[in-house]
Amino acid sequence: MNIFQDWPEPIVRVQSLSESNLQAIPNRYVKPLAQRPNLLSENYHTKNNPHTAAIPIIDLGAIYTNDITLQANDEISKACREWGFFQVVNHGMSPQLMERAKEIWREFFHLPMELKNMHANSPKTYEGYGSRLGVEKGAILDWSDYYYLHYQPLSLKDYTKWPSLPLHCRETLEGYCKEMVKLCENLMTILSKKLGLQEDRLQNAFGGKDEAGGCLRVNYYPKCPQPELTLGLSPHSDPGGLTILLPDEHVAGLHVRGSDDAWITVEPAPHALIVNIGDQIQMLSNSVYKSIEHRVIVSPAEERLSLAFFYNPKGNVPIEPLKELVTVDSPALYTSTTYDQYRQFIRTQGPRNKSHIDELRSPR
Ligand code: OGA
Ligand code: NI
């Protein structure tokens, strides 16, 4: 059986290319000039970029001490309106669990290729070990491999699609994802309240706690001999609801699109998680909360690993601007879709800036 049978062309693991010590990357990974990162631009970095300081770092400690009059709520709401991106500290997840989770994935990606390929994914569900997003033949690809798995709803959770090695990894991943869901549910409550709605309004629009989706995408960015020609992940906004990213603290690489269109490097605070709004919450909130474009660059000297947890609406519930937010002065900006339908954009075309959500803009 050909394990790669459903992809439009044979799958090449970026890690294999990287480890073969080639001097020049294959053309498939070379981006058109306009999309290449300018690695010499000092602007990406904090010291020289007046905007970087503005990506807020928010202390969530008070959420867990029942202090409801939280300053953090205001800060979160402001960050989601202005940036769509923020870091959180004191978020309730232990540094040990975060470290353990990263260690598991580092070990996984360094297993022999035959073992990893036992989990090779297909575009049917994307679950498992993958090397491309999108099924268009001849597409220019990103310099990364990944692993994708479902944690919830229960109906989609299938341990046989999770890695079997390293030993006991499933227990740790289970604990990690459970904490992630808790954090997402808390954030959903805050976001609802700060829209002036019932605290469970957004959660219900996602189909309720038991039906909302939770999945993990682990991104592995191997070293790249020509990082100036390619990207680890092309510019995109996340298609789902909320994303919680556990970044690589040692290797920066995530860039967020600033208000003046310049790319801004995210420099993770110690033990921080990075939160961003996805397209579904932008649509439900009628663009009050913003889903911002981001991308990843790669390094010639170091590999990079990140864990992105996505919290998404149930696949078949209609997603459209919440009625309470639509008025004569602020008409609905988006036509109705479902997450299952919406996800097909990125699963067909791969990451493509914000073109997917723009297709759903209401005609005016
Ligand atoms: C993603 C993503 C960023 C990163 O997985 O959608 O944007 O730093 N990841 O890996
Ligand atoms: Ni993303």
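The values are calculated or read from the model by the stated rules, or taken from the named source; none is laboratory data. These numbers were taken from a predicted model, which means no experiment stands behind them. Reconstructed Cβ throughout: ideal geometry from the backbone, glycine too, with neighbour counts over all protein chains shown. Ligands, DNA and RNA are stripped out before the accessible areas are found, and what is left, the full protein with its side chains, is counted by its heavy atoms. Shrake-Rupley method; radii C 1.70, N 1.55, O 1.52, S 1.80 Å.
A few comments on the model shown:
- Considering residues of the stretch 297-306 that are within 11 Å of ligand 1 (Cβ to nearest atom) and surrounded by fewer than 24 Cβ atoms within 10 Å (Cβ to Cβ) only, the residue farthest from E103 (Cα to Cα): R304
- Here the condition is being open to solvent by 10 Å² or more (accessible area, probe 1.4 Å), in contact (Cβ under 8 Å) with a residue 24 or more places away in the chain and farther than 21 Å from V14 by Cβ; of K290, K223, it holds for K290 alone.
- Neighbours by Cβ (under 6 Å, 6+ apart or cross-chain): first from the stretch 243-266, aromatic (F, W, Y); second surrounded by 23 or more Cβ atoms within 10 Å (Cβ to Cβ) and not in a loop (DSSP other than H, G, I, E, B): none
- The set of residues in the stretch 201-249 being within 15 Å of ligand 2 (Cβ to nearest atom) and under 18 Å from Q341 (Cβ atoms) consists of C215, H236, S237, D238, P239, G240, G241.
- From L231, L254, L246, L187, residue being modelled with pLDDT of 95 or more, crowded, with 18+ Cβ neighbours inside 10 Å and either closer than 20 Å to P313 by Cα or over 20 Å from the mean Cα position of the chain (by Cα) (or both): L187
- Taking each residue of the stretch 145-161 that is open to solvent by 80 Å² or more (accessible area, probe 1.4 Å) and looking for partners that are assigned to a strand (DSSP E or B) with beta-carbon atoms closer than 9 Å, six or more apart or interchain, yields L156/H150; L156/G213; L156/C215.
- Looking only at the stretch 314-347, and only at residues there that are in contact with a Gly (Cβ under 6 Å, 6 or more places away or on another chain) and away from ligand 1 (no atom under 16 Å from the Cβ), the one that is least open to solvent (accessible area, probe 1.4 Å): V317
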